Amino acid sequence: MTTLDVLIPHYNDSSALALSLESIENQTWAGSKRVIVVDDGSERDELQKTEQVILQSSLNIELIKSPENLGRPKTRNKLLDAADAPFLAWLDAGDIWYKDKIQSQFNCLYDLVHKGDDVDTHWITCNYDWKWEGKRRRKVDQIARGDQLKELFIGDKLRAYLWTLLGTRKSFERAARFDERLLRLQDLDYFISFVRAGGRLVTPSNRNSLCCYFKSDIGRNAAEIRGCYNTIFNKHNAALLEFGPTFTQRAKSKADFVASRFAKNNSEHGLAMAYKFHAFKSDPRYALFRLKQSLNQG
Amino acid sequence: MKIAVLLGSFDLLNPSMLDAEAFQHIFGQEYQFFKMPWATGKRDQTYNNALLSNEDSRLINAAGYAMKYDFADDKIPLLVFVDAQISDVVSCLKMLRKGANCETLNVTLLSLRSNTTYAASEATKAAAQELVTASIQGVAFTAPMTVTVEDLAALDVQHLVRKNLKIRDISTKLRDALERRGMTMSPDIARKKIMRILRRMTEEGMLVAKDKHEIFADELAAAMMQDLTQFLEKG
């Protein structure tokens, strides 16, 4: 019986997939696992290379091929449909887990059982490294204390990244499915849905970074990102309103900052300035705080 | 779900001689000593007697859950109970089955037999037989398996001797390194310190290579001196 299904969406990057698979092979956790890769309509050459990578791996891998490029949310829903192990974890092709990730997260689950908590209402996230091209890895702490819904909307202390997670299949059913309207930020919507449905994120006692995210904004449309934020804010408007108008303005200001970063990293400097200006208009205090923070980080 | 249980008296199951590695050596790689690094306050316990306490039924429940999911298909979790009451073992097995949420818990009873500790060996065998005859719903016992070791003190001679030599060698080098820095440490304390550090490292899957004992001891001495300096500065 497979205990853990590892879910990987893949598109046109077989060498990135190889890197991720290697990090799964190196896990210290000894339970039985299966990797499910949904290839989202990669070009023929890349698909062939992907098949080679899978053949060469010692892991138990199931490859599901989409005949056309459906986009990330639909691919993730396909992965959910294919999974049937009692536990699920996610990884994006190109990102890696450090060797103790899954064991540390399972230990956290056992600890939850020991405390008498319901494992089906918890997701185990973890601290991670954030690596921009040409820069050193930077550790990012996931802080699970406090109002998690609030923290997810702002995303400064608790961030919505699927590849940090381990949980029971039932816990993932709590968040339902990925919103197929969201070409970007479907993780954020998924996390918010989970917490709104009574779910809670916890972190393992191992406070080291347990995975690494190789970050790139290149080729990602800033306006699309900002549009996805709007969709999420509209969808979860009732939850946002509960925190009051000041908080809503803060969440919008943060969204503008993220869109500004994407625009800047794609050399759309005018657009980047416009988003920043908008962020200042929405919440000047928060905008100043962000500006100070980015100056401190260089 | 399959598990293995080893019962015995302290004379036979002495933690100073028998650790997780030694058990695997005696009973084979198929059996893997069950540990609970996730359980607060229980992570450093050598054997599994914490599971026999009636005070924490959730711990047994969680252990059953962990056993079900933490092991490869070809590995069997091995539980070691020292000087255990059979009634406690029976209730523990019932709870483990509940925690693992399995229809049948298949238990292999293991016994150790040693010519040098005859009385203890016989007691182990008797305890295993008593447990087999206990009727527990949802728990099936396979025929007890007895492994005879000629001399328990010489058990896994290579393994133990190698381990002891390593501890002795590194602790001597640590004392030398400290002495070079103007500090002395008794051989007994140095040995205990190294034993503790190596045990922790083994748990983390780390080993000190044979040709690196000197460097390791030197780094350790430097770190100890630094700790001491900081402590004195604070005080």
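The values are calculated or read from the model by the stated rules, or taken from the named source; none is laboratory data. Since we're looking at a predicted model, the values are computed, not measured. Virtual Cβ from ideal backbone geometry, glycine too; neighbours counted across all protein chains shown. All accessible areas refer to the heavy atoms of the entire protein, side chains included, with ligands and DNA or RNA removed. Shrake-Rupley method; radii C 1.70, N 1.55, O 1.52, S 1.80 Å.
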Here are some pairs, B:75/B:166; A:65/B:68; B:75/B:98; which of them have Cα atoms lying more than 25 Å apart in this structure? B:75/B:166; A:65/B:68
Using the charge dipole of the protein assembly as shown (Lys, Arg: +1 at Cβ; Asp, Glu: -1 at Cβ; taken about the Cα centre), state which of A:155, A:284, A:50 has its Cα farthest towards the positive end. A:284
Cα-based helix-to-principal-axis angle, A:284-297 vs chain A, degrees rounded to 10: 60
Which is the longest run of chain A containing none of the GluC sites (Glu not before Pro) found in DSSP loop states (not H, G, I, E, B) with at most 11 other C-beta atoms within 10 Å? A:134-298
Relative to the longest principal axis of chain A, what angle (0 to 90°, nearest 10) does the C-alpha long axis of helix A:186-196 take? 90
Taking max minus min of the Cα coordinates of the range B:181-233 on each principal axis, largest first, gives extents in Å of 35, 20, 20
What accessible surface, in Å², does a 1.4 Å probe find on residue B:181, ignoring ligands, DNA and RNA and rounding to the nearest 10? 90
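Where only protein heavy atoms count, and the probe is 1.4 Å, what is the accessible area per residue for the protein assembly as shown in Å²? Let's see the in-between values first.
Values: 26340 Å² over 533 residues.
In whole numbers, the protein assembly as shown has 49 Å² accessible per residue.
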My understanding is that a pair violates if its Cα-Cα distance is over 31 Å; which of A:131/B:35; B:35/B:210; A:99/A:264; A:235/A:276; B:35/B:94 do that in this structure? A:131/B:35; A:99/A:264
Could you tell me the largest-minus-smallest coordinate of the C-alpha atoms of the range A:185-259 on each of the three principal axes, in descending order and whole angstroms? 37, 35, 19
So, with points 7 Å from each Cα along the Cβ direction, the residue A:156-residue A:207 label distance in nm works out to 2.0
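Counting residues in the range A:4-215 as N, plug N into 2.2 N^0.38 Å and put the Cα Rg over that result.
Values: Rg = 16.3 Å, N = 212, 2.2 N^0.38 = 16.8 Å.
Ratio of Rg to 2.2 N^0.38 Å for the range A:4-215: 0.97.
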Please give the charge dipole size of the range A:223-297, origin at the Cα centre, charges +1 on K and R Cβ atoms and -1 on D and E Cβ atoms. Round to the nearest 20 debye. 200
Threshold 50 Å², probe 1.4 Å: give the residues of the range B:59-78, in number order, that are less accessible with all protein chains present than with their chain alone. B:65, B:69, B:70
Using only the Cα atoms of the protein assembly as shown, each taken as one equal point scatterer with no solvent, compute I(q) by the Debye sum, divide by I(0), and report log10 of the ratio at q = 0.12 Å⁻¹. -1.20
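What's the carbon and sulfur percent of the range A:233-286's accessible surface, probe 1.4 angstrom, rounded to a whole number?
Details: 1690 of 2930 Å².
Carbon and sulfur atoms account for 58 percent of the accessible area of the range A:233-286.
Counting Lys and Arg as +1 and Asp and Glu as -1, each charge on the Cβ, what is the dipole of the protein assembly as shown about the Cα centre in debye, to the nearest 20?
Details: 74 positive and 68 negative charges, 421 e Å.
My answer is approximately 2020 debye.
Which order do the peptides B:182-190, B:58-66, A:280-288, A:138-146 take when ranked by the mean count of other beta-carbon atoms within 10 Å per residue, highest first?
On the way: B:182-190: 12.0, B:58-66: 23.3, A:280-288: 16.4, A:138-146: 13.6.
Per-residue mean Cβ counts within 10 Å order the peptides as B:58-66, A:280-288, A:138-146, B:182-190.
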Would you kindly find the accessible area of residue B:202, with a 1.4 Å probe and non-protein molecules such as ligands, DNA and RNA excluded, rounding to the nearest 10 Å²? 70
Protein-protein interface of the range A:24-61, residues with accessible area decrease of at least 10 Å², isolated chain reference, 1.4 Å probe: A:29, A:30, A:31, A:32
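Of all DSSP beta bridges in the protein assembly as shown, what percent run antiparallel (nearest 5)?
Values: 10 of 55 bridges.
Approximately 20 percent, going by the DSSP bridge assignments.
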Simple Cβ-charge dipole of chain A, Lys/Arg +1 and Asp/Glu -1, about Cα centre, in debye nearest 20: 1360
Could you give me the radius of gyration and the Dmax of the range A:223-297, taking only the C-alpha atoms into account and expressing both in angstrom? 12.5, 37
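Mind checking how much accessible area B and A bury in total, 1.4 Å probe, in Å² rounded to 100?
On the way: alone 13620 and 14240 Å², together 26340 Å².
About 1500 Å² of accessible surface is lost on pairing.
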For residue B:146, residues with placed amide H under 5 Å, excluding near neighbours: B:111
